[in-house]
Amino acid sequence: MNLRKDQCLLIVTVLSGVTQAEDDYSQYVNVFHGASGGGNRFPGVVAAPFAMVKLGPDVKNGTADAYSGYLPEGNIWGFSMMHESGTGGAPKYGVVSQMPVVGNVSDPLADLSQPRASPDQGGVGYYKSSLASGVTVELSATEHAGFYSYSFPGGNPASVVVDVSHVLPSFRGLGWEQHYSRGDLSIFDDDHYEGSGTYNNGWNLSPDWTIYFCGKFKQQPSYSWTFKGNTSASRTDASPLSVSGTARLGGVFNFDESHVTSIVGISFISSEKACQNLEDDISEEVELRSLVDNAKSRWNDEVLNKVQISSDDPEDLQLLYSSLYGMFLIPSNKTGENPGWESAEPYYDDIFTLWDTHRCHTALFHIIQPQAYEEFIRSLIDTWRHDGFLPDARSSNFNGRVQGGSNADNVLADAFVKGVRGAIDWDDGFAAMQTDAEVVPANNFDPKSPESSTKEGRGALPDWLQYGYITPRFSRAVSRAIEYSTNDWGLYQVAAGLNKTAEANTYFNRSRNWRNHWNPTATSHNQSGFVVPRLANGSFVPQDPATCGGCYWGDAYYEDNSWIYSMNAIHDVAELKERIGGNPRFVDRLNKIFDLGFFNAGNEPSFTTPYLYNFVDGEQWRSVNRSRYISSLYNAWEKGLPGNSDAGAMESNLLWQMIGLYPLTGQTTFLVLAPWFKSMTLDLGDDKKLSITTTGGDRTTAFYVQSLTVNGEPWDKAWVAWDDIFANGGTMDYVIGESPMHWATGKLPPSPASG
Ligand SMILES: *[C@@H]1O[C@H](CO)[C@@H](O)[C@H](O)[C@H]1NC(C)=O
Ligand SMILES: *[C@@H]1O[C@H](CO)[C@@H](O)[C@H](O)[C@H]1NC(C)=O
Ligand SMILES: *[C@@H]1O[C@H](CO)[C@@H](O)[C@H](O)[C@H]1NC(C)=O
Ligand SMILES: *[C@@H]1O[C@H](CO)[C@@H](O)[C@H](O)[C@H]1NC(C)=O
Ligand SMILES: *[C@@H]1O[C@H](CO)[C@@H](O)[C@H](O)[C@H]1NC(C)=O
Ligand SMILES: *[C@@H]1O[C@H](CO)[C@@H](O)[C@H](O)[C@H]1NC(C)=O
Ligand SMILES: *[C@@H]1O[C@H](CO)[C@@H](O)[C@H](O)[C@H]1NC(C)=O
Ligand SMILES: *[C@@H]1O[C@H](CO)[C@@H](O)[C@H](O)[C@H]1NC(C)=O
Ligand SMILES: *[C@@H]1O[C@H](CO)[C@@H](O)[C@H](O)[C@H]1NC(C)=O
């Protein structure tokens, strides 16, 4: 089911009751954008950017994994308060739930799931499901609490089941499914309930972790009871009404009324803190509508109104604002909610993953949300301080898993070179990066990659240090090596900026190690020179660059082949060009990546590749051509992402096409494409703005750059630097037109590790 435009807009209007204010950009957000078709976006309620509570439906349909809890078709079996957005691997969370049931419940562990009577609806801060049982569920939330409003059909008792064992399952059989470990629940004299659930595993193989909850009902239950069992359960006569243990357990609340509202707070610290969070966030008198209004203003003020465009095309607006919204659903700001250590530093969890986001998401996160970005960087460093390593991914307060390199290094370097300072302790930041670069992480004996750590750091570091490349005794040897090179480039950048000359030299050299995997005689489709596996004795392994075995955890390349990974040393492009055989061969190689179908817009390793034409004089137009093709794979609807959202990476990739720039992570360089709109303004904070205009052509038929002025001066380079337009704001005025034009005749983009 694709949410129709009018459906999405209607809901928001109904709820606010009045005409939309001019600057209510939340009206353009389709919360179902990318929620199906493999995007795995979370459509439920996230009351503010990075809110810890993500309240929405949990749907089951056979053996389909519901990564965010949501599936467009299937039965709803609960509404739970924690989810991740746009992740793959295996579902995480789906805990702290309620399920409304019509009539008395004899067995709360029986299948209580319900088909929908009509498709779910939602807007920013609001979600609604209509169940076949006749129950309507409306949801809103705050950062640490949820609001459930139930409307039951009359004439039957109304029941709400709180099943502490409720957690999203996985059916993939990869060993990444979550488990319920134990729980407790107590119902107090005033009918509020408190307790906790403990769960483990998931994609990051995390050990037991615990979430606490505190729930209240506005209406007095006619009676309430607890249950405990493994496959079925009936009323227990616990006294007081309290159950705990490793069996499945929970509580049932019965009402004579047909309208029931409940508010629930959560915390990672204690059930007292969950009650405190509830009290701080939601007063008992609060109405759903005011929570929705709060959520809309948070999103407007903190994210949506940072970007304004001239277009009044509803689909443009919906795609722009839905993409911006999708960028900031995770990570979760859990400052004050860290059970792992006491610290005055901010704490962000649900990083899923930097492997996905370091290429272009974090660079836009920095621009749109500079304050949260600084907090996020501090949190990464604080995680190293207390946990020993920076995360590459992290959820339920546990690092993991690492797919390639230690890409927090790139994120930190990107922030550092763009001048992010604030309260960040960069000496610690560099020490954290050096831990990645010098300390072999303890092996967590992951069945998918048993030879080295997938939890954190660089598992294949021993080879990297000994040989300057990675031998096949480590899985994913080639793709890890390419990423270790860019990671070491990140270390070079920060070391150089901190005047650590010796370290800077070391990591500069190491950043060139991708070259050690380059076999000049490897050929494929009339192209020679590819990164391939290499043995300890120096021999290259014969390898068809067009294939990569399973392309997974145990193979030489992860999720892409050598055609793609050969292009990923983006700090050393001049050298890469030379190795490929010069400009015409380089252009031929880029063309073939598309023509032969190796390019995958839905996966991150080739995100930057389409714009490397800018490194060849006279070829910038080809980057624009590719940019328009990639843009055409997106739309504003439920199946509108060309791949998994990957925590907003996919959305940020599109937003850069709209802006008409592409960042090179870990550098101050942005490659110039061609913007979409007649005008776009980015609010950079501190009264600084970047204003981008196009004249002369149009976005779909006449979009090649004819000329460009930057800050009022003619510009002849196919790139700009951070200081040119972002550090103090600026203007970029493009003339666009139908034919490719050789306008960028100036200096090529920097290749700082080459030469
Ligand atoms: C499960 O999803 C499929 C489509 O993927 C749909 O045809 C089927 O009706 C769904 N099952 C249920 C129980 O809704
Ligand atoms: C539901 O359970 C209550 C308490 O046991 C009982 O009084 C009531 O009759 C039951 N209602 C129905 C419709 O079964
Ligand atoms: C549930 O199963 C666990 C583990 O098999 C067992 O220890 C426990 O006693 C069972 N609980 C109940 C209530 O049957
Ligand atoms: C993160 O959460 C903390 C604690 O609630 C809050 O003080 C801080 O402002 C939040 N950060 C952002 C960017 O909202
Ligand atoms: C590095 O050295 C330069 C030149 O001496 C100086 O301007 C700069 O402040 C130094 N930076 C740091 C972080 O010490
Ligand atoms: C870096 O590499 C160059 C050339 O191979 C070498 O001369 C130099 O000693 C190396 N520097 C460090 C610090 O390893
Ligand atoms: C293969 O590449 C060479 C340049 O290296 C070129 O001269 C030749 O025409 C190409 N052959 C084909 C079939 O494309
Ligand atoms: C390296 O080892 C491989 C496999 O044992 C062997 O085939 C190859 O000839 C060796 N190369 C050199 C240079 O010794
Ligand atoms: C890109 O260029 C090719 C020809 O080189 C053309 O077929 C294609 O339509 C262009 N794409 C767009 C989006 O203009």
Looking only at the stretch 534-546, filter to residues that are in contact with a strand residue (DSSP E or B) (Cβ under 9 Å, 6 or more places away or on another chain) and open to solvent by 10 Å² or more (accessible area, probe 1.4 Å); which one of those is nearest to ligand 6 (Cβ to nearest atom)? Arg534
Could you please let me know if Asp555 is open to solvent by less than 60 Å² (accessible area, probe 1.4 Å), in a loop (DSSP other than H, G, I, E, B) and not aliphatic (A, V, I, L, M)? yes
List every residue pair whose Cβ atoms lie under 6 Å apart, where the two residues are 6 or more positions apart in sequence or sit on different chains, the first residue falls within the stretch 598-609 and is aliphatic (A, V, I, L, M), and the second residue, located anywhere, is part of a loop (DSSP other than H, G, I, E, B). Ala601/Leu633; Ala601/Pro642
Kindly evaluate His179 against the criterion of being modelled with pLDDT of 95 or more and either farther than 29 Å from Asp349 by Cα or in a strand (DSSP E or B) (or both). yes
Helices (runs of 4 or more DSSP H) (entirely within the stretch 355-429) containing at least 1 residues that are among the polar types (S, T, N, Q) and surrounded by fewer than 21 Cβ atoms within 10 Å (Cβ to Cβ): 370-387
Cross-chain or 6+ apart pairs with Cβ under 6 Å, the stretch 614-631 first and farther than 19 Å from Ala702 by Cβ, then among the polar types (S, T, N, Q) and surrounded by fewer than 21 Cβ atoms within 10 Å (Cβ to Cβ): Val616/Asn583
If a residue has to be touching a helix residue (DSSP H, G or I) at 6+ places or on another chain (Cβ under 7 Å) and open to solvent by less than 30 Å² (accessible area, probe 1.4 Å) to count, how many in the stretch 195-234 make the cut? 4
Keeping to the stretch 464-510, report how many residues are more than 15 Å from Asp414 (Cα to Cα) and in a loop (DSSP other than H, G, I, E, B). 11
Could we say that Leu329 is at pLDDT 95 or above, part of a loop (DSSP other than H, G, I, E, B) and aliphatic (A, V, I, L, M) here? yes
Reported set for the stretch 711-755 where residues are buried (at least 17 other Cβ atoms within 10 Å of the Cβ) and in contact with a helix residue (DSSP H, G or I) (Cβ under 7 Å, 6 or more places away or on another chain) is Ala718, Trp719, Phe726, Gly730, Met732, Ala744, Pro749, Ser751, Ala753
Report yes if Arg585 is open to solvent by 10 Å² or more (accessible area, probe 1.4 Å), more than 19 Å from Arg359 (Cα to Cα) and more than 27 Å from the chain's Cα centre (by Cα), otherwise no. yes
Output the residues belonging to the stretch 64-114 that are open to solvent by less than 40 Å² (accessible area, probe 1.4 Å), within 16 Å of ligand 2 (Cβ to nearest atom) and part of a strand (DSSP E or B). Pro100, Val101
Residues satisfying the stated conditions in the stretch 625-643, i.e. open to solvent by less than 30 Å² (accessible area, probe 1.4 Å), polar (S, T, N, Q) and outside any helix (DSSP H, G or I): none
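The values are calculated or read from the model by the stated rules, or taken from the named source; none is laboratory data. Remember, it's a predicted structure, so these values are computed and weren't measured experimentally. Cβ: placed from backbone, ideal geometry, glycine included. Neighbour counts: every protein chain shown. Only protein heavy atoms, including side chains, enter the accessible area calculation; ligands, DNA and RNA are left aside. Shrake-Rupley method; radii C 1.70, N 1.55, O 1.52, S 1.80 Å.
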